[in-house]
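The values are calculated or read from the model by the stated rules, or taken from the named source; none is laboratory data. All values reported here derive from a predicted model rather than from experimental measurement. Virtual Cβ from ideal backbone geometry, glycine too; neighbours counted across all protein chains shown.
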Amino acid sequence: MERPNCPFVSVIIPVYNDAGRLRLCLAALSTQTYPRSRFEIIVIDNGSDYPERTKAATASLNRVTVVSEPTPGSYAARNRGLAIAQGEAIAFTDADCIPDSDWLERGIAHLQQTPNCGQVVGKVNLFFANPDRPTAVELYESLTAFPQERLLKEFHGGATANVFTWRRVIEDVGPFNTRLKSNGDLEWGGRVFDRGYAQVYAADVQVAHPARRSLGELHKRTVRLAGGVIDRLIRPDDKFIQRQKMFARLLVDDLTPPVNFVINTFRNSDLKHWQHKLKASLVIFYVRYVSAGEKLRLKFGGASNRG
């Protein structure tokens, strides 16, 4: 792939208690087609129980910096990485992602080729632990997790599992909002959009990500996302009536029977067996119930547990 030049890139990776999958991520980054002398890797340990494992995972690699950020939350960790990043361009991914070998090369090419580019949102491909026997949660995740193209179209942002930008854009719009424990990538992308920068979805800029397998994992994610929506859309400085209307709308969305989701699931050709379609459809009811319950809990004074 031809490029006019190779800007220096800072790859920023937050990690929390996930040294094993971090090793896989770093191994993928060590085989990038982008010149190794033109990118650094910054790993931010976000208060892991055994931070020495994070350091051990990076020990054999060059141009990898490991720093600590004790403030809970991946956005605080990413901001810590940004504070020491040397790159003209910034690439975000997560410790549990496995970037394609041409991930950096293609991401930077899109940044360079898009006039006034503020953000490149790449594709996230989910995979199952055992493709022959996927769990109901994995099947549900394969239909719903990381819809990057839709997120960019509807919310002007994308999951930081796969996002590229320029340092000058971050200096203009500001870093991530550390008050948010979820949806902060969408809130940041909204600021990029509001400042008039171009945003592009790039299907050829790819990382792989394991699908969540259990209801416990899905419950934790659903609670975090529900709280993130509350934080992003219901602000303390909004008028009282405005806050109540927004909360009611969010609650109605959760409690409305997901008829369209079920219909679309049974029409989806990616799921070959009707049993898989049924399992994925049943999980959405669980997710809606958990999401509504968490929003009600927070509404009536429950403490956040989204860290």
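Here are 124, 67, 163: which of them is free of Cβ contacts under 8 Å to residues at least 60 places away in the same chain, within 20 Å of residue 27 (Cα to Cα) and not acidic (Asp, Glu)?
Matching residue, one of 124, 67, 163: 67.
Taking the stated definitions as given, is residue 299 surrounded by 13 or more Cβ atoms within 10 Å (Cβ to Cβ), of a type outside the set (Asp, Glu) and within 20 Å of residue 145 (Cα to Cα)?
Judged against the criteria, residue 299 is not a match.
Any residue at all in segment 281-301 that is free of Cβ contacts under 8 Å to residues at least 40 places away in the same chain and either among the acidic types (Asp, Glu) or in a loop (DSSP other than H, G, I, E, B) (or both)?
yes
Is it the case that some residue within segment 274-290 is farther than 23 Å from residue 143 by Cα, outside the structural domain of residue 180 (by TED's automatic domain parsing) and at pLDDT below 95?
Scanning segment 274-290 turns up no residue that is farther than 23 Å from residue 143 by Cα, outside the structural domain of residue 180 (by TED's automatic domain parsing) and at pLDDT below 95.
If residue 2 passes every condition in (1) acidic (Asp, Glu); (2) at pLDDT 95 or above; (3) not assigned by TED's automatic domain parsing to the domain that holds residue 114 but one, which one does it miss?
So residue 2 meets the others, but not (2).
Looking for something of a type in the set (Lys, Arg) and in a loop (DSSP other than H, G, I, E, B) - is there at least one such residue anywhere in segment 136-155?
No - not one qualifying residue is present in segment 136-155.
Does segment 266-279 contain at least one residue that is of a type in the set (D, E, K, R), over 21 Å from residue 213 (Cβ atoms) and surrounded by fewer than 19 Cβ atoms within 10 Å (Cβ to Cβ)?
Yes.
Counting only residues that are more than 19 Å from residue 209 (Cβ to Cβ) and assigned to a strand (DSSP E or B), how many does segment 4-31 have?
Total satisfying the criteria: 2.
In segment 236-252, how many are exposed (fewer than 14 other Cβ atoms within 10 Å of the Cβ) and out of contact with any helix residue (DSSP H, G or I) (no Cβ under 8 Å at 6 or more places or on another chain)?
Counting residues in segment 236-252 that are exposed (fewer than 14 other Cβ atoms within 10 Å of the Cβ) and out of contact with any helix residue (DSSP H, G or I) (no Cβ under 8 Å at 6 or more places or on another chain) gives 11.
For segment 209-233, give me the residue count where each residue is surrounded by fewer than 19 Cβ atoms within 10 Å (Cβ to Cβ) and among the aliphatic types (A, V, I, L, M).
Qualifying residue count, segment 209-233: 3.
Since residue 110 meets every condition but one in (1) in contact with a Phe, Trp or Tyr (Cβ under 9 Å, 6 or more places away or on another chain); (2) surrounded by fewer than 24 Cβ atoms within 10 Å (Cβ to Cβ); (3) under 20 Å from residue 22 (Cα atoms), which condition does it not meet?
(3)
Hey, can you tell me all the residues within segment 135-161 that are over 14 Å from residue 193 (Cα atoms) and in contact with a helix residue (DSSP H, G or I) (Cβ under 7 Å, 6 or more places away or on another chain)?
Across segment 135-161, the qualifying residues are 136, 137, 139, 140, 143, 159, 160.
What is the one condition in (1) assigned to a helix (DSSP H, G or I); (2) touching a Cys at 6+ places or on another chain (Cβ under 6 Å) that residue 190 does not satisfy?
Residue 190 satisfies every listed condition except (2).
Filter segment 243-252 for residues that are out of contact with any Leu (no Cβ under 8 Å at 6 or more places or on another chain) and closer than 19 Å to residue 180 by Cβ and give the result.
Of everything in segment 243-252, those that are out of contact with any Leu (no Cβ under 8 Å at 6 or more places or on another chain) and closer than 19 Å to residue 180 by Cβ turn out to be 243, 247.
Sort out which residues of segment 236-273 are among the hydrophobic types (A, V, I, L, M, F, W, C) and in a loop (DSSP other than H, G, I, E, B), and write them in order of number.
Hit for segment 236-273 is 271, nothing else.
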